[in-house]
Amino acid sequence: MPDETREAGQNNSLDDYRTQWHMALMPAMKLELMDYSGILEYQSEHVLNTKALQIDLFVIKKDSNVVLKNEIGRMFRCHNIIEYKSPHDSEGVDEYIKTHAYASLYKINENGSVPYSLEDITITMIREGKPVRLFAWFDNRGCTIKETYHGVYHIENTGFFETQVIVSRELDDRNHVWLRALTDSMDREQAKHLLRESGRLVNRPEANLVDAVLQVASKANRKIFDEIKKEDRNMYSALVELMQPEIDEAVDKRVGKAVSEAVNAAVSEAVEKTRSETWDKASSITAAKMTVEAIDNVMRKLSMSKEEACALMDITSKQYDAYQQLVKNAQQIRKREVGSRL
């Protein structure tokens, strides 16, 4: 069965990223449906009332009269349950029955005075490869499988709830770059297209969502992204620009603490100096700490070497090492100062 995605246990190099796959699902869906952000509400790992069962993603369409033109969201009603399987997880009959049970539990555990209609609840199952065994099971039970769009399969006559299966590998890459990005088998053209589309959103509110998808995609397809990085520095620099606000935010959160620690370290090291000289010392340490923080974030987020990250930040590796040592010395002085007070 050529369309069946690799079974769990084959090529498990990404087992460490199971959580990250699911963390990227909501950002990817938000990007897919960004044109409807005003009427869609997203709830990650929606908890059902019975024994804390969790739906991978729950999407509420706040205006039932609006029909989403997006191919993935066109079937959406008021309450939409989404079950996602990462590339090496199987999605078979048991997974469908579990998701159907989630929808049923959601229906009977409804809150508020107005009961939910069965027609207001939908099921969407997302998987990278076509679930051949599940489709055969549907077919054997008289269900009709219609491919309404590339990679979007509407399952008719399943019972209570409207159901669709999204095969992300088959989606049109130009229209559905974000869900297509949740894979570990990305080719070079797909990776470049992802970077180009990401660059378009640098100055838009969705930039933080792009960051989450890119982190997963770049880790899962490290070889491809490393090749692009070597071939097209401008394209990769745009990726750094996209992630820079988050890097800056992470650094800014530590600035206040860094200033305080740096001032105290400078005071304990040179109490005989003037107040102005002490502040200059503290400022130098703070600047060093911010630089080290920024470069460390670039290395972590983009899987870059120290040399590559320093080149992007326009400093040398020796300067980075010197800044790192300056921060380390300040921390040691601070620890000795605290220890002497105890």
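The values are calculated or read from the model by the stated rules, or taken from the named source; none is laboratory data. Treat the numbers as computed from the prediction; the structure is a model and nothing was measured. Every residue, glycine among them, receives a Cβ derived from its backbone with ideal geometry; neighbour counts consider all protein chains shown.
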Odd one out for S305, checked against (1) loosely packed, with under 15 Cβ neighbours inside 10 Å; (2) at pLDDT below 75; (3) within 31 Å of the chain's Cα centre (by Cα): (2)
Going through the range 134-149 in order, the residues found to be over 28 Å from Y116 (Cα atoms) and touching a residue at least 60 places away in the same chain (Cβ under 8 Å) are Y149
Tell me which residues, restricted to the range 68-79, are over 14 Å from V165 (Cβ atoms) and not charged (D, E, K, R). L68, N70, G73, F76, C78, H79
Filter the range 152-167 down to the residues that are of a type outside the set (A, V, I, L, M, F, W, C) and touching a strand residue (DSSP E or B) at 6+ places or on another chain (Cβ under 7 Å) and list them by number. Y153, H154, E156, N157, E162, T163, Q164
I123 being β-branched (V, I, T), in contact with a Ser or Thr (Cβ under 6 Å, 6 or more places away or on another chain) and surrounded by 11 or more Cβ atoms within 10 Å (Cβ to Cβ): yes
Could you go through the range 155-173 and let me know if any residue there is exposed (fewer than 14 other Cβ atoms within 10 Å of the Cβ) and aromatic (F, W, Y). yes
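Here's the yes/no breakdown for (1) modelled with pLDDT of 90 or more; (2) of a type in the set (A, V, I, L, M, F, W, C); (3) more than 21 Å from the chain's Cα centre (by Cα):
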{"site": "D94", "(1), (2), (3)": "yes, no, yes"}
{"site": "A101", "(1), (2), (3)": "yes, yes, yes"}
{"site": "D139", "(1), (2), (3)": "yes, no, yes"}
{"site": "G142", "(1), (2), (3)": "yes, no, yes"}
{"site": "Y149", "(1), (2), (3)": "yes, no, yes"}
{"site": "I155", "(1), (2), (3)": "yes, yes, yes"}
{"site": "F160", "(1), (2), (3)": "no, yes, yes"}
Among (1) farther than 20 Å from M23 by Cα; (2) at pLDDT 75 or above; (3) not in a helix (DSSP H, G or I), where does K229 come up short? (3)
